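J.: The structure that follows is given in the form of structure tokens.
The values are calculated or read from the model by the stated rules, or taken from the named source; none is laboratory data. None of these values were measured; they are calculated from a predicted model. Neighbour counts are summed over all protein chains in view; Cβ atoms, including those assigned to glycine, are modelled from backbone coordinates with ideal geometry.
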């Protein structure tokens with residue numbers, strides 16, 4: 001199956017931010033006062049827990065090449081946008097990287113300025129903003145995970161409806177829509193698969209019987225699934241494939257519906273990067289964005305990060321790339337109406353809260 005690249009979504013960790021370098025959000029001193037730094041606010045999923053992720057490699061290579069150190073702040077897509085909004089009068093971030101629809105919301109809130117990184121001409125039109133406000137740097141797909149050891153025969157569930165079975169009582173969890181990018185993706189996929197918002201909410205209301213409860217972080221669900229604390233949870237292909245290297249019981253699957261059990265679906269959720277308006281280190285930020293879309297970094301997306309290159313002229317042939325293509329082989333890939341999602345996200349989330357009592 002040929003790689004299909006569209007827009008990609010995302011996750012948020014409320015309050016729990018990971019800083020891999022010192023960063024003072026306000027006050028007399030700030031990382032932004034150092035001319036040899038670039039501050040990156042990013043959705044989680046691309047940094048390895050053991051220092052072996054795509055970000056780990058890219059940050060190190062970028063610093064070695066330019067002498068510019070990366071100050072990294074990690075959270076959910078929604079949280080990163082909210083933080084940048086709060087800081088508009090005292091901008092701290094130079095680069096913002098989130099999943100859809102949060103990258104579109106960042107643009108709508110005036111957080112991004114136009115800049116087309118070198119190599120952006122090799123990114124499909126659907127994966128970048130027409131006005132140059134953001135460009136996908138890693139392509140990805142929404143998915144679910146399951147415990148291969150605990151489930152009978154090591155087989156993945158097949159349909160959404162399977163998760164409402166009594167055997168999944170307190171064994172299912174998904175991250176919070178509106179906060180986590182991949183949690184928001186649950187709503188998007190359910191509305192697509194069930195044919196509208198109302199039937200999707202009816203299903204999620206039923207699922208609530210087995211749902212453990214909200215989770216601000218999608219990434220924290222994988223260890224629970226691997227240990228058997230959960231049997232199924234949401235995630236995304238890039239993050240979960242990378243995690244599976246250290247979590248042998250983790251499997252990736254794509255829910256179908258009972259009406260069409262042999263037609264699993266997914267959609268693309270790329271990590272999209274943009275230059276922040278009034279970035280303290282705009283020149284450094286541009287160099288960093290150029291680096292992310294450079295041929296070397298893009299070749300490492302699958303080999304190191306377990307993701308899909310954003311550049312269409314990079315044809316990855318490494319073992320990870322082959323395995324990733326196999327994972328999505330036979331899965332129908334649809335393209336969400338991101339303009340609609342961005343416009344109506346708040347009402348969708350409120351309706352979800354009402355349906356589930358969350």
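Here's the yes/no breakdown for (1) surrounded by 20 or more Cβ atoms within 10 Å (Cβ to Cβ); (2) in contact with a strand residue (DSSP E or B) (Cβ under 7 Å, 6 or more places away or on another chain):
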| position | (1), (2) |
| --- | --- |
| 195 | no, no |
| 208 | no, no |
| 212 | no, yes |
| 226 | yes, yes |
| 231 | yes, yes |
| 234 | yes, yes |
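J.: State yes or no: is residue 219 surrounded by 24 or more Cβ atoms within 10 Å (Cβ to Cβ), part of a loop (DSSP other than H, G, I, E, B) and touching a helix residue (DSSP H, G or I) at 6+ places or on another chain (Cβ under 8 Å)?
T.: yes
J.: If I ask for residues that are over 17 Å from residue 143 (Cα atoms), touching a helix residue (DSSP H, G or I) at 6+ places or on another chain (Cβ under 7 Å) and surrounded by fewer than 18 Cβ atoms within 10 Å (Cβ to Cβ), which ones from region 291-337 would you list?
T.: 303, 312, 313, 318
J.: Consider residue 265 carefully, then state whether it is surrounded by fewer than 21 Cβ atoms within 10 Å (Cβ to Cβ), within 24 Å of residue 165 (Cβ to Cβ), at pLDDT 95 or above and within 19 Å of the chain's Cα centre (by Cα).
T.: When the stated conditions are applied, residue 265 passes them.
J.: Only one residue in 73, 18 is modelled with pLDDT of 95 or more and in contact with a strand residue (DSSP E or B) (Cβ under 6 Å, 6 or more places away or on another chain), so which one is that?
T.: Exactly one of 73, 18 is modelled with pLDDT of 95 or more and in contact with a strand residue (DSSP E or B) (Cβ under 6 Å, 6 or more places away or on another chain), namely 73.
J.: Restrict the check to region 292-315 and report whether at least one residue is over 23 Å from residue 99 (Cβ atoms) and touching a strand residue (DSSP E or B) at 6+ places or on another chain (Cβ under 6 Å).
T.: No, because not a single residue in region 292-315 is over 23 Å from residue 99 (Cβ atoms) and touching a strand residue (DSSP E or B) at 6+ places or on another chain (Cβ under 6 Å).
J.: Mind listing whichever residues of region 105-126 are assigned to a loop (DSSP other than H, G, I, E, B), closer than 24 Å to residue 180 by Cα and touching a strand residue (DSSP E or B) at 6+ places or on another chain (Cβ under 9 Å)?
T.: Within region 105-126, 111 is the sole residue that qualifies.
J.: Still on this structure, please answer the following. Would you tally the residues in region 168-192 being part of a helix (DSSP H, G or I), in contact (Cβ under 8 Å) with a residue 60 or more places away in the chain and buried (at least 22 other Cβ atoms within 10 Å of the Cβ)?
T.: The number of residues fulfilling the criteria is 8.
J.: Just to be sure, is residue 347 in contact (Cβ under 8 Å) with a residue 60 or more places away in the chain, assigned by TED's automatic domain parsing to the domain that holds residue 189 and surrounded by fewer than 23 Cβ atoms within 10 Å (Cβ to Cβ)?
T.: no
J.: Taking interchain pairs and intrachain pairs at least six residues apart, which have beta carbon atoms under 8 angstrom, with the first residue in region 194-205 and touching a residue at least 12 places away in the same chain (Cβ under 8 Å) and the second surrounded by 14 or more Cβ atoms within 10 Å (Cβ to Cβ) and not in a helix (DSSP H, G or I)?
T.: Filtered contacts from region 194-205: 194/257.
J.: Oh, and also: Is it the case, given these coordinates, that residue 288 is within 20 Å of the chain's Cα centre (by Cα), touching a residue at least 40 places away in the same chain (Cβ under 8 Å) and under 28 Å from residue 177 (Cα atoms)?
T.: Taking the combined requirement at face value, the residue does not satisfy it.
J.: Quick test of your reading of the structure: residue 272 fulfils all but one of (1) crowded, with 23+ Cβ neighbours inside 10 Å; (2) modelled with pLDDT of 95 or more; (3) over 12 Å from the mean Cα position of the chain (by Cα). Name the failing condition by number.
T.: That leaves (3) as the condition not met.
J.: With a cut-off of at least 3 residues that are more than 23 Å from residue 78 (Cα to Cα), name the strands (runs of 3 or more DSSP E) lying wholly within region 224-311.
T.: 250-253
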